[in-house]
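Structure record follows, encoded as structure tokens.
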Amino acid sequence: MKLHEYQAKDLFARYGIPVPKGEVASTPSEAKGVAERLGKSVAIKAQVLVGGRGKAGGIKVAQSPEEVEKLASQILGMRIKGLTVEKVLVEEALEIAAEYYLGIIVDRSKKQNLVMVSAMGGIDIEEVAETHPEAIAKAYIDPFLGLLDYQIRQLHKQAKLEPATLRSFMAMAKALYKLYIDCDSNLAEINPLVLTKEGNLIAADAKLLIDDNGLYRQKEIASWSEEVEEDPFEAEAREKGLAYVRLKGEVGIIGNGAGLTMTTLDIVQRAGVAPANFLDIGGGARADIVREGLKLILSDPQVKGVLINIFGGITRCDEVAKGILQALEGVELKVPIVVRLTGTKEEEGRKLLEGTALIPAATMQEAAEKIAKLVKVK
């Protein structure tokens, strides 16, 4: 579960992490009122669950309440990566001397939490890792011992942060780690962590991802959940009860069972094309589930071909075939669809698909090779 910046900053403040003074507003007049109460220049920041707000024009600085009202009217209602801005955070503008990065994530390969620090804040840490990997100081956290003082001192030194900030940085790192653990987080990030001209460290931005599996014990945070998702296709899939994750490739994938679907993604990749999604219709999938899944995939403009890979154990191949046909009723098929059906009722399923534009395949490897060739040609 993703949190808005203002929600994450509320939690930060509770744990003693300094954040700029500010309030959330839903209308331009409310934004003006916040600016009047703050009595200084402010930043107006769109609250949407996506990155890239600044580049999209969703962050502005204003010098007066009147200017805040004008700029807030421009930001509220704008679309950023498919999401409508319904709230803005109006907070005091900071006089910046330097921008740092502080973040904690789960490193699943090491099965430990990882803390990262960099003097190159204000830009995506992925970009820093790619262009200046030496600029990122890292330390793994022993789950029994927690984040230790000597680790924080080493990170501070390795990242080459301002020496005078060590004491406040140690307090902030400890507080962030405690919050991270207490809230069942997958990621806690401050970017930028601003060093002001007065020499103070302040979390100018805040990002928190909460593990959905821990929400049952995070009652307050769970109550903040919104139906909005970063990706509109994933939001639609969630509404329909589909196990779907959108990826960056061009081949839509439908499989039954997580293992088979993941294997299908790998086979497609080896065939020379990239999967556009993960979609597991599950065991015993009915025709309506197949129909909704295929409709969703075909509505994605990045999809140039579809591979349906079904092993009929509990799932009946004829039910899958019915779902495919229902999804294609009245639809002008603009991309090739390769179908591999094997197992329970496979003959009945194949017979239902005879005479259609669908392309049959006997094996998973054959299906991957066929869709790869068709997509490359297209």
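Values quoted throughout were computed directly from the atomic coordinates according to the rules given, and no laboratory measurement underlies them. Quick caveat, the model's predicted, so the values are computed rather than measured. Neighbour counts are summed over all protein chains in view; Cβ atoms, including those assigned to glycine, are modelled from backbone coordinates with ideal geometry.
Find the centroid of the Cα atoms in segment 116-167 and in segment 267-298, then give the distance between the two in whole Å.
40 Å
In µm²/s, what is D for segment 96-223 at 25 °C and 0.890 mPa s, where D = kT/(6 pi eta Rh) by Stokes-Einstein and Rh is the Kirkwood radius from Cα pairs?
The estimated diffusion coefficient comes to 164 µm²/s.
Show log10 I(q)/I(0) for segment 66-154 at q = 0.24, 0.25 Å⁻¹, two decimals, from a solvent-free Debye sum over equal Cα scatterers.
-1.15, -1.19
Where does each of 161, 341, 328 land when they are ranked from fewest to most other beta-carbon atoms within 10 angstrom?
The fewest-first ordering by Cβ neighbours comes to 328, 161, 341.
Please identify every one of the GluC sites (Glu not before Pro) in segment 66-141 that sits in a loop by DSSP and has no more than 12 other beta carbons within 10 Å of its own beta carbon.
Of the GluC sites (Glu not before Pro), the ones in loops of segment 66-141 whose Cβ has at most 12 other Cβ atoms within 10 Å are 95.
Just need the Rg to Rh number for segment 199-244, please, alpha carbons only, Kirkwood Rh.
Ratio of gyration radius to Kirkwood radius: 1.13.
Within 10 Å of each candidate Cβ there may be at most 15 other Cβ atoms; applying that plus a DSSP loop requirement, which GluC sites (Glu not before Pro) in segment 219-314 survive?
Qualifying residues, ordered by number: 226, 227, 230.
At R0 = 45 Å, how high is the FRET efficiency between residue 70 and residue 181 if r is their beta carbon distance? Nearest 0.05 is fine.
Step by step, r from the Cβ atoms, then E = 0.60.
Of all beta bridges DSSP finds with both residues in segment 191-321, what is the antiparallel percent, to the nearest 5?
In segment 191-321, approximately 50 percent of DSSP beta bridges are antiparallel ones.
Can you give me the distance in nm between label points at residue 212 and residue 240, each placed 7 Å from the Cα along the Cα-to-Cβ direction?
Simple spin-label model gives 1.6 nm for this pair.
Can you check how the C-alpha radius of gyration of segment 21-92 compares to 2.2 N^0.38 Å, as a plain ratio?
Scaled against compact globular proteins, the figure is 0.97.
Which FRET efficiency value, to the nearest 0.05, is calculated for residue 132 and residue 97 with the Förster distance at 22 angstrom and r the Cβ-Cβ distance?
Calculated transfer efficiency: 0.60.
In Å and on Cα atoms, what radius of gyration and Dmax does the chain show?
25.0, 76
Fully extended, how many nm does the chain gain between residue 150 and residue 61 (0.36 nm per residue separation, minus their Cα-Cα distance)?
So the chain would gain 28.2 nm between residue 150 and residue 61.
Test of the criteria: in segment 137-216, which trypsin sites (Lys or Arg not before Pro) are in a DSSP loop and have at most 15 other Cβ atoms within 10 angstrom of their Cβ?
160, 197
Return P(r) of segment 1-134 (all Cα-Cα pairs; 5 Å bins starting at 0; whole %; ordered from short to long distances).
2, 10, 16, 19, 20, 15, 10, 5, 2, 1, 0
Across segment 96-223, how many lysine pairs separated by 8 or more positions, or lying on different chains, have Cα atoms within less than 21 Å?
The number of close lysine pairs in segment 96-223 is 18.
Against the longest alpha carbon principal axis of the chain, how many degrees, from 0 to 90 and to the nearest 10, is the axis of helix 166-182 turned?
Approximately 40 degrees, to the nearest 10.
Grab the other residues whose beta carbon is less than 14 angstrom from that of residue 275, score K and R as +1, D and E as -1, and report the net.
Neighbourhood net charge equals 0.
Enter the per residue convex hull volume of segment 193-347, computed from alpha-carbon coordinates, in Å³ rounded to the nearest integer.
173 Å³
When the chain is fully extended, how far beyond the present Cα-Cα distance does residue 142 get from residue 219, taking 0.36 nm per residue of separation?
25.0 nm
Fewest Cβ neighbours within 10 Å first, please rank 12, 144 accordingly.
144, 12
Which lysines, if any, have their Cα less than 21 Å from the Cα of residue 373, not counting same-chain residues under 8 positions apart?
Within the straight-line cut-off, residue 373 pairs with 248, 304, 334.
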